[in-house]
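One structure is given here, and the rest of the page talks about it.
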């Protein structure tokens, strides 16, 4: 696996949005969700579109529309019509699945969250992270751009977006994407100089271009942050294999 392709395994910056920007899902909510989620999974069990962002953005059959209606009715009953709350809880659950690398269930929850609230930026962000980790960069960046309208102020989102652009630019050898990523890394650093993951992602992007001394400079900055333990030893080992650590 290419070094830049590990982004989805630590989204966003190894934090579940529920720990910061999204409300935590209480145990009671899990109980309330069980019936509706089970119903949705049962009704759509054979539909592969559940594993595609926004259900593939394809027209739905009458059977699928009926399944959606039953799912939404169950949610409305349990949440007393508060679909935004239900959507937020489902998205938070999706991020928990994603942290466990259970990508199928994560996408199902993100899709359900989006079905209830098309403006749920956290759900769109989750879909984008999964697509980036799968190397589906066109789809990923479109989703990131859409999510930015709703969660663009979230530092972890911005870190993930920059990382996805770097991944895409390195994989597709697209200089414009890489330039965009580097601009974002710099802006994030100015805004949050102690953000370990932004510095690591910046270093990885530099590594992908063979700029090893510059990558080491970003690593050194990251090692001075409070969350330095988050640095990936596999990346550090790969960087050392290309260029020994510079002496201070």
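The values are calculated or read from the model by the stated rules, or taken from the named source; none is laboratory data. Owing to the predicted nature of the structure, the values given are computational and were not obtained by experimental measurement. Virtual Cβ from ideal backbone geometry, glycine too; neighbours counted across all protein chains shown.
Things to note:
- Candidates 235, 207, filtered to the one that is within 19 Å of residue 166 (Cβ to Cβ), more than 21 Å from the chain's Cα centre (by Cα) and surrounded by 11 or more Cβ atoms within 10 Å (Cβ to Cβ): 207
- Filter result for the condition that a residue is over 13 Å from residue 209 (Cα atoms) and surrounded by fewer than 16 Cβ atoms within 10 Å (Cβ to Cβ), over 153, 158: 153
- Here is the figure for segment 184-201: residues that are within 20 Å of the chain's Cα centre (by Cα) and farther than 15 Å from residue 227 by Cβ total 3.
- So residue 153, is it over 16 Å from residue 110 (Cα atoms) and outside any helix (DSSP H, G or I): yes
- Residues satisfying the stated conditions in segment 183-204, i.e. surrounded by fewer than 19 Cβ atoms within 10 Å (Cβ to Cβ) and either under 20 Å from residue 142 (Cα atoms) or at pLDDT below 95 (or both): 183
- Residue match in segment 168-182 (condition: surrounded by fewer than 23 Cβ atoms within 10 Å (Cβ to Cβ) and in contact (Cβ under 8 Å) with a residue 60 or more places away in the chain): yes
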